[in-house]
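What follows is one structure encoded as C-alpha cells, with my remarks underneath.
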Amino acid sequence: MTIEQEDLKRTEIFKVLSDTNRLSIIRVLNHSDREMTCGEVGKSLNVSKSTVSYHFKILRSVGLTNTRKEAQSKYLSLNYQTFNHFLPGFLDTL
C-alpha cells in the first residue's frame, strides 16, 4: 500500500469513527472477551438490532470489524490488525 493509499484509508477510518454510536460499539467489543451478536451489542447499548447492524456494516467496510455468520446469527469482533496498523494505542483509550 502506498502512502497515499494509507492516507485515504486513514481518512475513511476517521470518518467512520466520528459517530458516537460506532465508538460505543467498538468499546463494547473491545471490553468483551468473545465475539458478540448484533442483538447482544444492541442490548448492551440499549439500541435496536437494526441500528447496530447498520453501524456494523459501516465499521466492517473500513476493516475495523470482522463478521462471522453462523446460521441466522452474525458474530462480530474487532479487527485488531487494522487498529494496530492505522490506530496504534487507540483501543487503550476506550
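If I filter the range 45-66 down to residues being open to solvent by 20 Å² or more (accessible area, probe 1.4 Å) and touching a Cys at 6+ places or on another chain (Cβ under 6 Å), which single residue comes out as farthest from Ile13 (Cα to Cα)?
Top of the filtered list is Lys49.
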Has the range 28-44 got at least one residue that is open to solvent by 90 Å² or more (accessible area, probe 1.4 Å) and among the acidic types (Asp, Glu)?
-> yes
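Could you list, in sequence order, the residues of the range 5-25 that are of a type in the set (A, V, I, L, M, F, W, C) and closer than 18 Å to Pro88 by Cβ?
The initial filter retains those residues of the range 5-25 that are of a type in the set (A, V, I, L, M, F, W, C), namely 8, 13-14, 16-17, 23, 25.
The answer is Ile13, Phe14, Val16, Leu17, Leu23.
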Does any residue in the range 1-23 that is closer than 14 Å to His85 by Cα come within less than 7 Å, Cβ to Cβ, of a residue that is in a helix (DSSP H, G or I) six or more places away or on a different chain, and which pairs are these?
-> Lys9/Phe86; Arg10/Phe86; Ile13/Phe86
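Pick out, from the range 11-94, the helices (runs of 4 or more DSSP H) lying fully within it that include 2 or more residues that are over 29 Å from Met1 (Cα atoms). Write out each step before concluding.
Working: elements: 20-31, 38-45, 49-61, 80-86.
Once the helices (runs of 4 or more DSSP H) in the range 11-94 are filtered for at least 2 residues that are over 29 Å from Met1 (Cα atoms), what remains is 20-31, 38-45, 49-61.
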Failed item, numbered, when Lys69 is tested on (1) modelled with pLDDT under 95; (2) charged (D, E, K, R); (3) surrounded by 12 or more Cβ atoms within 10 Å (Cβ to Cβ) | (3)
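The values are calculated or read from the model by the stated rules, or taken from the named source; none is laboratory data. Just so we're clear, the structure is a prediction, and the values are computed from it rather than from any experiment. Please note: Cβ atoms are built from the backbone with ideal geometry, for glycine as well, and neighbour counts cover all protein chains shown. Only protein heavy atoms, including side chains, enter the accessible area calculation; ligands, DNA and RNA are left aside. Shrake-Rupley method; radii C 1.70, N 1.55, O 1.52, S 1.80 Å.
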